[in-house]
Amino acid sequence: MTVCGASSPTPCRRGLTSVVPGISQKYVELLREAVPLASRFAVVGAPNSPFPEIRRELQTAARHFGITVSFIEIKDPDDFDPALARAKKDGAGGIIAALGAFTYAHRAKLVQLALKHRLPGIYWARDYVEAGGLMSYGASFDDVGRRAAYFVDRILKGAKPAGLPVEQPTKFELVINLRTAKALGLTIPQTLLVRADQVIE
């Protein structure tokens with residue numbers, strides 16, 4: 001997957017990006033490890049989210065693990081409840097939150113409804129897990145913050161924003177909420193717990 005500007009001088013996006021090739025495979029892999037009997041996952045996001053490259057990655061990873069994925073487009077926060085109810089009825093054993101501002105802005109509602117419908121979920125930022133989501137895997141916000149400060153410093157010292165490259169995260173973190181796991185009736189495998197950067201108990 002190519003991130004515009006990451007490896008070419010295309011002047012369309014500068015700074016930091018959370019879109020990382022291959023990360024979607026980790027979402028499927030980790031959620032499958034947490035819910036080994038699941039045969040279907042639902043990907044929840046705004047229209048046109050996830051990006052086409054990520055959608056293809058999810059489909060490829062799902063096939064590798066013998067999982068069927070469906071994509072649910074949410075246009076309004078009030079759509080979360082009926083959409084998750086439908087996903088559960090259709091046999092989804094878990095959800096994957098698509099990377100994007102919409103799901104992030106409504107993360108508290110999303111994770112609460114996921115719990116209501118007994119749908120384990122994996123999310124792309126730890127804030128979802130702190131709000132009650134089961135688990136997250138994504139760029140370390142601390143690391144991203146440090147790199148953002150670096151870009152601000154460069155600009156304040158006279159660098160032109162258009163001349164700055166796109167940087168992809170290099171440090172990732174896995175966060176697991178055991179309280180949510182207990183509420184869902186899940187036992188998180190020790191093999192997953194030992195890899196977690198943080199476990200909320």
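Quick note: the coordinates plus some simple rules give every number you see, no bench work behind them. For clarity, every value in this text was computed on a predicted model and none was experimentally measured. Glycine gets a Cβ as well: all are built from the backbone with ideal geometry, and neighbour counts include every protein chain shown.
When Val43, Val194 are sorted by how many other C-beta atoms sit within 10 angstrom of their C-beta, beginning with the fewest, the order is Val194, Val43. Which pairs, out of Lys88/Lys116; Lys109/Lys171; Lys109/Lys182; Lys116/Lys171; Lys88/Lys182; Lys26/Lys116, put more than 21 Å between their alpha-carbon atoms? Violating the 21 Å Cα-Cα cut-off are Lys109/Lys171; Lys116/Lys171; Lys26/Lys116. Given region 63-112 reduced to its alpha-carbon atoms as identical point scatterers, what log10 I(q)/I(0) does the Debye formula return at q = 0.17, 0.25 Å⁻¹? Values, matching the q order: -0.54, -1.06.
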